[in-house]
Amino acid sequence: MAFTLDRIDHVVINCRDTEATAAWYERVLGMSREVFGPDKRTCLKFGDQKFNLRPTGAANWRTAEADQPGSLDMCFVTRAPLAEVIAHLQACGVAILYGPIAQSGAIGALRSVYFHDPDGNLLEIGSYTED
C-alpha cells in the first residue's frame, strides 16, 4: 500500500428535513450547527468532527447511488457514565432501543445504548470506561 489513512474528516447524513435534523442533534447530542459555503449548506460539529446534512434529492451534491434517509448506523464514544446518557436521552424523549449492552468497539470492549434519530438512523453511544 502506497499510503495510509489518518482519520475520517466528515460524514454526510441524508435527511428529510435539514432544520429538524439539525435541531435534534443540537438538543439531544449537544452538537453545534454551522452554515457554510456559497450554497448555505448546514453542518453539525462536535470536537474535531463534522456531519454535513444533505436533504434527500438535493441537486448538485455528490452522493452515493442511493441517498436514503435512515440508512446510517453510527457509534459515538463518551466518557460519561451510560446512566447519565440514558437519563439525558429519556429527558429528551428519545426511546432507547437496546442497552446498555456489551459491544466490541474499535479499541476494545465497550457498553452501549442504541436509539434512532428523526430520520431513523441507528445511533449508538458507547463507553469504554464502563465495567
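Any read-out appearing in this document is the output of simple, stated calculations on the displayed coordinates, not a laboratory observation. Predicted model, so just to flag it, every value in this text is computed and none were measured. Cβ placement follows ideal geometry from the backbone for every residue including glycine, while neighbour counts extend to all protein chains displayed.
Tell me, which strands (runs of 3 or more DSSP E) lie completely within the stretch 20-131 with 1 or more residues that are within 21 Å of Asp9 (Cα to Cα)?
32-36, 41-46, 49-55, 73-77, 98-105, 122-127
Filter the stretch 68-120 for residues that are of a type in the set (D, E, K, R) and over 16 Å from the mean Cα position of the chain (by Cα); which is surrounded by the fewest Cβ atoms within 10 Å (Cβ to Cβ)?
Arg79
How do the pairs read when you match residues in the stretch 1-26 that are more than 15 Å from Phe76 (Cβ to Cβ) with residues anywhere that are in a helix (DSSP H, G or I), using Cβ under 8 Å and keeping only pairs 6 or more apart or on different chains?
Cys15/Thr21
In the stretch 14-54, which residues are within 18 Å of Pro69 (Cβ to Cβ) and either surrounded by fewer than 13 Cβ atoms within 10 Å (Cβ to Cβ) or in contact with a Pro (Cβ under 8 Å, 6 or more places away or on another chain) (or both)?
Asn14, Cys15, Arg16, Asp17, Thr18, Glu19, Ala20, Thr21, Trp24 - these are the residues of the stretch 14-54 that are within 18 Å of Pro69 (Cβ to Cβ) and either surrounded by fewer than 13 Cβ atoms within 10 Å (Cβ to Cβ) or in contact with a Pro (Cβ under 8 Å, 6 or more places away or on another chain) (or both).
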